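Here the structure is laid out as structure tokens; the discussion comes afterwards.
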Amino acid sequence: MEIYAAKHDLETATSISGIITDNFTHDPVYSAYEPEVLRSYTDSNSPPRLLDALASSNSQCFTAVHNSQIIGVVLLGFYPHGYPEDTSENTWRIRRLHVAQACRGLGLARRLLNEAENFVAGQDNRTIYAEATPEASGLLLKHGWTGQSIVKDVRYRDVKGAIVHVTVPRFKANKTLVKPRTD
């Protein structure tokens, strides 16, 4: 298994979308979400939207590949004016970190997280943020991240167009990385 900077093509976006959709439809962590929340989230991770993200100058994406198949992904976003919930400018965030269901337990999430951290460590702003499920918080904490449990208010439109609010437990975390030595 190798980790590569993701290609900016529809085939890559489709593979990444498939992993994310599979995780949201088969993982018990997400089964408690309302169907409309899941639909909204999978729609926001459709191949065309992911292709836009891959092509953005404010994104960096790495994929784990085995036998020419993408089996994991970490997608970073750069927010020069800060992320909406954060006050700091020039913010790097992990937007997505997913491993295919059949490949879990092999250390792929750890390797993808390391790749993301190594990339951000080489940037001018070396603080990285993430928001994860409570179940995924252990991975971040093991890697020196600090954070806190939060409850997030999620709004979506149901099939009749009414706005619905649900609360979702999350883990909000950050880590400041050391710039690699060049001497």
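Okay, here's what the table says:
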quantity	calculated
Yes/no for ALA162 being surrounded by 11 or more Cβ atoms within 10 Å (Cβ to Cβ), modelled with pLDDT of 75 or more and more than 18 Å from THR42 (Cβ to Cβ)	no
Per-region count, region 1-48, residues within 20 Å of ALA64 (Cα to Cα), modelled with pLDDT of 80 or more and either of a type outside the set (Gly, Ala, Ser) or surrounded by fewer than 16 Cβ atoms within 10 Å (Cβ to Cβ) (or both)	22
Pick from region 88-120, criterion within 13 Å of the chain's Cα centre (by Cα) and small (Gly, Ala, Ser), ranking: nearest to GLU135 (Cα to Cα)	ALA109
Hits in region 138-159 (condition: modelled with pLDDT of 85 or more, of a type outside the set (Gly, Ala, Ser) and in a loop (DSSP other than H, G, I, E, B))	HIS143, TRP145
Unmet requirement for LEU106, which otherwise passes all of (1) over 28 Å from VAL154 (Cβ atoms); (2) free of Cβ contacts under 8 Å to residues at least 40 places away in the same chain	(2)
Matching residues, region 127-156, being more than 21 Å from LYS179 (Cβ to Cβ) and of a type in the set (A, V, I, L, M)	ALA132, ALA136, LEU139, LEU141, ILE150, VAL151, VAL154
Count of residues meeting criterion [modelled with pLDDT under 85 and farther than 18 Å from GLY144 by Cα] in region 103-134	1
Residue that is farthest from ILE3 (Cα to Cα), among those in region 103-137 that are in a helix (DSSP H, G or I) and of a type in the set (A, V, I, L, M)	ALA136
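The values are calculated or read from the model by the stated rules, or taken from the named source; none is laboratory data. From a predicted model like this one, the values you see are computed outputs, not experimental measurements. Cβ sites come from the backbone with ideal geometry, for glycine too, and all protein chains shown count toward neighbours.
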